[in-house]
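Below is one structure, written out as structure tokens, with a few remarks after it.
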Amino acid sequence: MIKETSTYHCENCGIAVDNPNFNFNLTTKLEDCTGSAYAWFLGIQATNIMSPITPKQFQIAWVSSQNDDKELKDLIHSRLYTPHNLMIVAKQSTYAQNTRIDYVVQNINPINYKEANKGLIEMLKVYSTKEDLMHD
């Protein structure tokens with residue numbers, strides 16, 4: 001979307017609108033100890049990643065970035081490298097005889113470290129001896 005005098009012009013479809021409806025669509029590189037993959041966050045999943053930033057707040061920062069993009073960069077950087085639990089579905093697709101695997105995020109939740117640590121402690125108790133448990 002390009003801001004014109006009183007409207008926004010879409011470069012993709014050529015339509016001009018008074019007030020666009022902003023949504024988040026993110027392409028990200030996900031990494032862990034096993035490797036990395038690219039995934040797309042669309043709709044509500046992208047909104048969950050960007051939370052607590054709303055599309056409206058992003059729109060305001062984007063409009064003001066026409067003069068100075070520091071506010072927009074600060075807003076985006078505030079959400080980088082935030083840990084989340086993800087459920088990702090891999091889909092194989094073929095286009096023009098080229099096969100590839102696309103990864104789409106189906107579910108996303110911020111990590112709750114307190115609950116995650118409780119689960120780890122319960123798993124570790126399996127390996128504890130009776131004597132170790134007496135010292136808790």
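Derivation of every value follows stated rules applied to the coordinates shown; laboratory data play no part. Computed from a prediction, not measured in an experiment: that's the story for all the values here. All Cβ positions, even for glycine, are placed from backbone atoms using ideal geometry, and neighbour counts span all protein chains on display.
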note = Per-residue Cβ contact counts at 10 Å, fewest first, order Trp62, Trp40 as Trp40, Trp62
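Which value, to two decimals, describes the C-alpha radius of gyration of segment 2-134 once divided by 2.2 N^0.38 Å?
In units of the 2.2 N^0.38 Å rule of thumb, it is 1.50.
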note = Stretched fully, the stretch from Tyr95 through Thr5 gains (0.36 nm per residue minus C-alpha distance, one decimal, in nm) 28.4 nm
task = Any chance you could run the full-extension gain for Leu42 through Asn23? It's 0.36 nm times the residue separation minus the Cα-Cα distance, nm to one decimal.
result = 6.0 nm
ask   = Amide H of Ile88: which non-local residues (sequence gap of 5 or more, or other chain) have their own amide H closer than 5 Å, using H built in the peptide plane?
value = Gln106
request  = Excluding residues on the same chain fewer than 8 positions from Lys29, give the lysines whose Cα lies under 28 Å from its Cα.
outcome  = Lys56, Lys70, Lys73, Lys91, Lys114
query = Which value in deg cm²/dmol, rounded to the nearest 500, describes the helix-derived mean residue ellipticity at 222 nm for the chain, given -39,500 (n - 2.57) per DSSP H run of n ≥ 4 and division by the residue count?
reply = -9000 deg cm²/dmol
query = Using alpha-carbon pairs under 8 Å, 6+ residues apart, how would you state the relative contact order of segment 42-105 in percent?
reply = 21 percent
message = Antiparallel versus total DSSP beta bridges in segment 2-134: what percent is that, nearest 5?
response = 90 percent
request  = Using the Karplus curve 6.51 cos²θ - 1.76 cosθ + 1.60 with θ = phi - 60°, work out ³J(HN,Hα) for each residue of segment 55-61 in order, rounded to whole Hz, and write x for Gly and Pro.
outcome  = x, 5, 5, 5, 4, 4, 5
